[in-house]
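Report on the following structure.
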Amino acid sequence: MSVPGSLGVLSPIIALVDIVFIVTLGTICLSALNGRDLSVASNWSHCATSSAALAVTYSIFGQTSNLYAAPNLLKLRWQIQQSLATWVASFLFLSLLVYFLRVGTWLTYGELLAVFAFGGVGVVASKLSAVKLCRHVTEQRALSSYRVIISDYSLEAASHPYLQQINKYEYTTPKHFVLLDAQDPDAGLDRARDVLKDVVDFVRAHDVEEILLVIPWNRSELIFEVQGQLQVLPVSVKLAPDMRANQVLSHPAFNFGPIRAIELQRAPLSVTEQCAKNLMDRVLAAAGLFFLAPLMAIVALAIRLESKGPVLFRQTRTGFNGRPFTIFKFRTMTTCDNGAVIVQATRGDRRVTALGRWLRKSSIDELPQLLNVLRGEMSIVGPRPHALAHDNEYNRLIASYAARHKMKPGITGWAQVNGLRGETPELRMMKQRVDSDLWYIESWSIWLDIRIILLTVLRVLKSESAY
């Protein structure tokens, strides 16, 4: 038996299940770790309150990161990655809140870490179950929406991209009306009016929930005619965008008084977003330099002992808005090229020292760039900066290349965590890297930065493409 609705009906249900799951798991975990008897009201209250705070924070962060958006409910890998990033962000936020407000002092650090670990595993298990449920519901057509489609000419549902998406997420469309006849173009609006009368009769005779118009937006006269004829019906009427309009509508919309405008190109960051990103960069860079100082001192000494030359490699690179800056790295090669022609390192490159090969493989050679972050020249996350010689070359070959400089370059980035790092012997490889960087600039958020930082630890340090 099916029920009216779409995959979006499951979104609030899954969000509620997540809250109940985290509260239950957290309460049981905390009580077990403390050896507390939950029959005692105060013990139960402490455990349940802490778990509820974590669950609500996770739910709020999940909503803001589109964790429960209907199109994302079927993406297993995305759900796992996003839920883990949301869990980490929620836990860090509450931990800082507890620390500064001096609440929850009855919990030890060991208990907090245990809850974090068990909860992370539980969140992943929950997402596996949720995605499996949503896929099962989709395959079994357990949800159905009784709707009518109206188009200008006949459509093939198997090939029309919009109808494919409707069938995937919104399920069935039982009735399809065609307004115009390609074989009789002279009929025009007269034929459309006759078809619309049939639509009105059909909707009144059946429990139709909504009407979808799949009409090109340049047919404004036909669209207004349809709107006028259907206004007698008490059902929702929606106009589907054509392919060109859909590309425009994918951008954010804003109101300027009574005028609604589409932002075709966003400024990389608003003033508030710049402050948030800069604050996170400076705090992480300062913390990184403090905790990694012993390791960096050992690496510097090893470089000095292994080969002649400076410990730090300095090279001019292009930064934010095309401004040049000097990047710092641990020296990993016998040369320190910084001219008009720079040859990328290749596998088995004789210029790379023995120690340098390990430093490049582990990305430890990038650590001095934390100084660039503190100086405001770089960010923790952003498009990777290239040598000026490479910038000049690829500016000629890739039209959108210079758009990478709309945001500060980063120590790591979206391209890097997706395996697009190291040597680029083919132009298509650099195009892929540029496309990834531009997607990051358009899609930036604090949560995306946190996700990339976490993925960097899991992926970049294990990459086979750095040598």
Q.
Could you list L305, L249 so that the one with the fewest beta carbons within 10 Å of its beta carbon is first and the one with the most is last?
A. L305, L249
Q | Per-residue HN-Hα couplings for the stretch 209-223 [Karplus 6.51, -1.76, 1.60; θ = phi - 60°; Hz; x = Gly/Pro] | A | 8, 7, 10, 10, 9, 10, 10, x, 6, 7, 8, 4, 4, 5, 4
Q) Within a Cβ distance under 11 Å of I215, other residues only, what is the Lys/Arg minus Asp/Glu net charge? A) -3
Q.
Once you place label points 7 Å from the Cα toward the Cβ at Q432 and L96, how far apart are they in nm?
A. 3.5
Q: Name the long-range amide H neighbours of L312: under 5 Å, sequence gap of 5 or more, or other chain; modelled H, no Pro or chain starts.
A: R331
Q: Compute the FRET efficiency between Q274 and R191 as 1/(1 + (r/R0)^6), taking r as their Cβ-Cβ distance and R0 = 45 Å, and round to the nearest 0.05.
A: 0.20
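What ranking do 201-210, 58-67 get when scored by the average of other Cβ atoms within 10 Å per residue, highest first?
Per-residue Cβ counts within 10 Å, averaged per peptide and sorted highest first, yield 58-67, 201-210.
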**Q.** ³J(HN,Hα) computed for each position of the stretch 278-283 - Karplus, 6.51 cos²θ - 1.76 cosθ + 1.60, integer Hz, glycine/proline x
**A.** 5, 4, 4, 4, 5, 5
Q.
For M407, what residues show an amide H to amide H distance below 5 Å, using hydrogens built from the backbone and excluding near sequence neighbours?
A. N321
**Q.** 3J(HN,Hα) from dihedral phi, the stretch 263-269, Karplus parametrisation 6.51/-1.76/1.60, rounded to Hz, x for glycine, proline
**A.** 8, 6, 9, 8, 5, x, 8
Q) Arranged by the count of other C-beta atoms within 10 angstrom, fewest first, what order do I450, I411 take? A) I450, I411
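Is the C-alpha gyration tensor of the stretch 207-346 telling us rounded, prolate or oblate? Criteria: a/c under 1.5 is rounded; beyond that, a/b larger than b/c is prolate, otherwise oblate.
prolate
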Q) For K175, which sequence-distant residues (separation of 5 or more, or a different chain) have an amide H within less than 5 Å of its own amide H, given hydrogens modelled in the peptide plane? A) R147, I149
(Q) With 10 angstrom as the radius, rank K431, K308 by how many other C-beta atoms surround their C-beta, starting from the fewest. (A) K308, K431
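Bear in mind these aren't lab numbers, they're just calculated from the coordinates by the rules spelled out. For clarity, every value in this text was computed on a predicted model and none was experimentally measured. Glycine also receives a Cβ, built like all others from the backbone with ideal geometry; neighbour counts cover every protein chain displayed.
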